[in-house]
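The structure under discussion appears below in the form of structure tokens.
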């Protein structure tokens with residue numbers, strides 16, 4: 001539905017007969033970057049000025065309609081100017097203040113994790129409903145630099161049926177149309193509309209904006225949508241803007257011109273499509289603009305990864321604390337922390353394109369979010385630990401190791417402890433010896449009161465297990481052993497266990513062999529090319545017009561290769577390099593049973609206007625490259641293009657020289673970087689195919705082409721100094737699906753935690769699991785307390801469980817939830833996201849959308865989950881209990897088309913242009 005114009009709106013004069021037969025929907029908008037070339041405090045004040053301007057224009061022009069997004073701006077106005085917010089509320093109710101987007105900010109739409117995109121809508125849409133009684137039905141991210149392929153499903157599950165954006169432009173990719181259907185891998189679709197030319201205009205006459213917009217539009221659409229209003233630093237439509245629209249409408253210069261909004265235009269387009277579909281369907285992502293932003297400012301990328309992982313872990317443990325131990329669920333604290341994380345995903349902060357002081361604020365805000373998460377986690381861990389039954393055993397120190405992931409994890413856990421003169425070994429709760437070895441303490445002073453051990457912990461899904469430190473060396477092999485150590489050989493050039501053999505060239509410091517003994521494939525033998533590549537980088541901060549950073553460059557010089565650590569659990573080979581004033585240290589770590597090689601990187605970068613690629617040559621023919629994106633995967637051509645990814649990139653193909661065409665692959669998993677490429681092989685004897693990771697770039701802060709730097713100017717360059725990150729090289733058979741890469745990335749980014757504990761009686765066993773997804777294709781991505789109170793009980797929560805299919809194939813999932821004694825079983829389509837609300841006190845399990853509201857697009861309505869036997873409550877669940885067969889759950893009886901079950905019906909319950917609901 002669309003609103004009729006107010007009765008006192010000006011009536012246009014009769015237009016000339018020669019007026020083009022089309023309607024231009026002129027959308028008054030004020031794009032406001034809360035941070036960019038100014039700090040957030042300036043953006044905060046500008047939000048007030050911009051919104052007052054819009055209110056005044058409404059007072060002066062009865063037909064004027066204003067469109068706004070970015071819910072954070074409304075929250076700022078509400079807390080600082082109640083009078084203005086009351087005026088906005090009136091105009092929203094009238095339909096003249098249109099709310100689109102539904103997200104907390106316009107974030108970078110490639111780099112945040114999938115759950116962050118959920119939270120953008122969770123906090124944005126709920127805020128709109130609670131404060132203004134409406135929710136957005138049009139998604140909009142006008143300014144971000146690209147858009148990942150899973151967004152249509154996320155938007156549909158947040159109540160939006162369309163998506164308005166600007167970049168990439170028609171010149172930056174194969175998508176050339178203005179309007180199209182955008183479909184994600186699960187089959188969900190939204191109506192896409194690319195803003196023509198620009199999302200804002202100069203403050204005067206709109207004819208220039210309209211001319212250029214018409215030149216960029218697909219004329220076959222007929223009626224069109226054009227944005228106007230001063231933007232970037234806010235401002236919005238001016239009197240001159242509005243009066244020129246009225247003037248050109250009377251003149252018939254461009255067609256009929258009406259002051260409008262996106263919902264009104266898109267409803268007309270949807271109605272036309274319903275009668276006679278003509279729009280093309282686009283599958284995949286929308287790229288590529290500003291490829292340098294995948295790697296600019298290493299700090300903000302690492303801080304964001306850390307904060308997101310910390311909050312997801314905090315939510316999980318907080319839910320256990322609330323549901324199993326009666327602790328208050330810290331909903332407000334977690335909400336404030338999430339909003340700080342979401343704010344710093346803004347498309348000029350997370351991409352690294354803001355001014356240098358903005359990153360001081362970002363560091364502080366993200367640090368605060370991590371601190372909140374740590375406090376939540378620590379409290380629950382201590383409440384939990386206090387209730388574990390730990391008998392007094394003289395000469396031992398209890399250690400509780402906690403796993404934040406809802407699948408079993410074998411982790412190498414480093415623990416600092418009060419030193420024992422003869423060292424320690426580790427046993428489990430039954431006294432069986434665990435594999436461990438001494439490692440260097442972080443306390444490297446002459447204080448001998450602290451030491452460190454690394455132990456191998458076998459942990460149940462999302463739970464804990466009790467171990468003990470015992471003074472002295474481990475007993476002989478004849479004693480009881482939890483898990484005997486595997487074979488581990490180490491020298492200055494070779495690391496080898498029963499699964500992998502790694503050989504290193506001491507001259508280059510890089511691999512000459514990475515042999516997977518399970519398949520016999522060597523993923524590196526015969527591969528050619530340098531591992532490090534330093535290149536001059538003359539591009540601006542954004543990397544405008546860059547399609548690839550796979551440029552010629554110089555290798556760093558290897559200065560030392562030394563075996564730093566060797567024991568029964570792991571071996572560490574340290575490789576040191578230098579180039580110019582910079583140094584690079586890579587520590588290659590191989591565990592006694594590891595099926596991957598972990599590399600710990602410390603980079604001290606002192607170069608300006610240069611970049612460092614870490615390159616991983618592979619011995620594979622006909623390579624296929626797959627990139628992890630939020631909640632999914634995407635193949636890209638093997639052409640050296642710089643592409644964004646989450647935590648991993650994989651190359652699979654036929655093993656070079658293999659007579660039987662054996663297929664295998666090598667994946668690169670990391671915890672801090674987002675810019676990658678995959679290069680094809682050069683003709684012999686050139687380099688073979690390789691994965692490239694952009695480790696660091698050092699442009700000037702906020703330097704934007706076509707501006708040229710003054711040779712005599714004084715500038716600050718990004719990424720000067722020390723940084724650290726980790727990556728894993730994962731060889732595998734077949735393709736990427738064989739390697740469990742998404743779970744490996746989660747474990748790398750959110751490791752298990754060990755805590756020293758005392759002796760005490762308790763009701764809990766030495767190990768327990770609170771939730772498990774079975775470790776298969778369907779992965780739990782979120783476990784949290786509900787945003788709404790449970791059964792009207794203030795502060796009480798139900799359990800919200802979200803899971804996603806990760807292999808691109810239909811799958812059945814059994815989600816065991818011992819924390820509530822429940823099991824949920826469900827079928828998933830390829831790449832499908834499903835969210836369930838599990839009542840704390842029993843009753844039906846309800847499938848909800850990503851805003852945690854009832855799904856109104858599902859035939860079944862209510863989803864039923866089975867109960868676990870009472871004996872399997874959290875107090876009595878052991879490591880393997882959560883996945884024991886025999887407790888089923890009813891399936892939805894819709895028999896459903898799971899590929900399409902996430903697509904909502906277009907334009908439901910909209911009046912006049914937004915979905916309305918009572919204000920809570």
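Read-outs: derived from the displayed coordinates by stated rules, not from any lab. Quick caveat: nothing in here was measured; it's all calculated off a predicted structure. Heads up, the Cβs are rebuilt from the backbone with ideal geometry, glycines too, and the neighbour counts pull from every protein chain shown.
Between region 452-513 and region 300-342, how far is it from one alpha carbon centroid to the other, in angstrom? Computed from Cα coordinates, the inter-centre distance equals 32 Å. Of interest is the spacing of the C-alpha centroids, which for region 371-405 and region 200-245 amounts to 60 Å.
Diagonalising the gyration tensor over the Cα atoms of region 399-548 and scaling each eigenvalue by 5 before taking the square root yields semi-axes of 37, 22, 19 Å, largest first.
Region 63-83 and region 587-640 have Cα centres lying 43 Å from one another. If you take the alpha carbon atoms of region 86-218 and fit the smallest convex hull around them, that volume is 125 Å³ per residue.
Length available on full extension from residue 660 to residue 448: 0.36 nm per residue minus the Cα-Cα distance, which gives 70.6 nm.
Which whole number in µm²/s is D for the chain by Stokes-Einstein, with the Kirkwood Rh taken over Cα pairs at 25 °C and 0.890 mPa s? Please list the in-between numbers first.
Numbers: Rh = 29.3 Å.
This corresponds to a translational diffusion coefficient of 84 µm²/s.
Against the empirical 2.2 N^0.38 Å (N residues), region 701-815 has a Cα radius of gyration ratio of 1.77. Full extension of the segment from residue 60 to residue 755, taken as 0.36 nm per residue of separation minus the current Cα-Cα distance, would add 243.7 nm. For region 488-749, the alpha carbon positions stretch 58, 38, 38 Å along the principal axes, listed from largest to smallest. Here the spin labels are modelled as points 7 Å beyond Cα on the Cα-Cβ line, and at residue 578 and residue 602 they lie 1.5 nm apart. Once the Cβ-Cβ distance of residue 211 and residue 275 is raised to the sixth power relative to R0 = 35 Å, the FRET efficiency obtained is 0.65. Look at 15, 615 and count the other Cβ atoms within 10 Å of each Cβ; fewest to most, that gives 15, 615.
Calculate for the chain the 222 nm mean residue ellipticity that helices alone would give, adding -39,500 (n - 2.57) per DSSP H run of length 4 or more and normalising by residue count, nearest 500 deg cm²/dmol.
Calculated at 222 nm, the ellipticity per residue is -6500 deg cm²/dmol.
Arrange 210, 559, 519 by Cβ neighbour counts within 10 Å, fewest through most, would you? Please list the in-between numbers first.
On the way: 210 25, 559 13, 519 18.
Ranking 210, 559, 519 by Cβ neighbours within 10 Å, fewest first, gives 559, 519, 210.
Full extension of the chain between residue 93 and residue 525 yields a length gain of 148.8 nm, computed as 0.36 nm times the residue separation minus the alpha carbon distance. Remark: spin-label model distance residue 181-residue 481 equals 6.0 nm, labels positioned 7 Å along the Cα→Cβ axis. Here residue 639 and residue 473 are evaluated by their C-beta separation; at R0 = 51 Å the FRET efficiency comes out at 0.40. Rounded to the nearest 10 degrees, the inclination of helix 331-343 to the longest alpha-carbon principal axis of the chain is 70 degrees.
How would region 420-476 be classified by its alpha-carbon gyration tensor: rounded, prolate or oblate, with rounded meaning a/c under 1.5 and the a/b versus b/c comparison settling the rest? Please list the in-between numbers first.
Values: a/c = 2.70, a/b = 1.56, b/c = 1.73.
Oblate, because a/c is 1.5 or more while a/b does not exceed b/c.
The C-alpha atoms of region 297-381 occupy a region whose extents along the principal axes are 45, 19, 16 Å, arranged from largest to smallest. Across the chain, Cα pairs under 8 Å and at least six residues apart give a relative contact order of 14 percent.
Projected onto its three principal axes, the C-alpha set of region 207-346 covers 70, 39, 31 Å, listed from the longest axis down. Normalising the Debye intensity of region 16-64 to I(0), with uniform scatterers on Cα atoms only, and taking log10 at q = 0.19, 0.25, 0.29, 0.31 Å⁻¹ returns -0.75, -0.94, -1.05, -1.10.
Fewest first, what order do 467, 44, 727, 329 take by the number of other Cβ atoms within 10 Å?
Numbers: 467 28, 44 17, 727 25, 329 22.
By the 10 Å Cβ count, ascending, the order reads 44, 329, 727, 467.
Considering only alpha-carbon pairs that sit under 8 angstrom and 6 or more positions apart, the relative contact order computed for region 297-381 is 49 percent.
Only bridges with both residues in region 135-194 count here: give the DSSP antiparallel percent, nearest 5. Write out the running numbers ahead of the final one.
On the way: 5 of 13 bridges.
Close to 40 percent.
With r as the distance between the Cβ atoms of residue 714 and residue 256 and R0 = 41 Å, compute the FRET efficiency 1/(1 + (r/R0)^6) and round to 0.05. Intermediate results must be reported in sequence, preceding the final value.
Values: r = 53 Å, r/R0 = 1.30.
With a Förster radius of 41 Å, E is 0.15.
When all alpha carbon pairs of region 1-154 are counted in 10 Å bins from zero, the resulting P(r) reads 9, 35, 33, 16, 6, 0 %.
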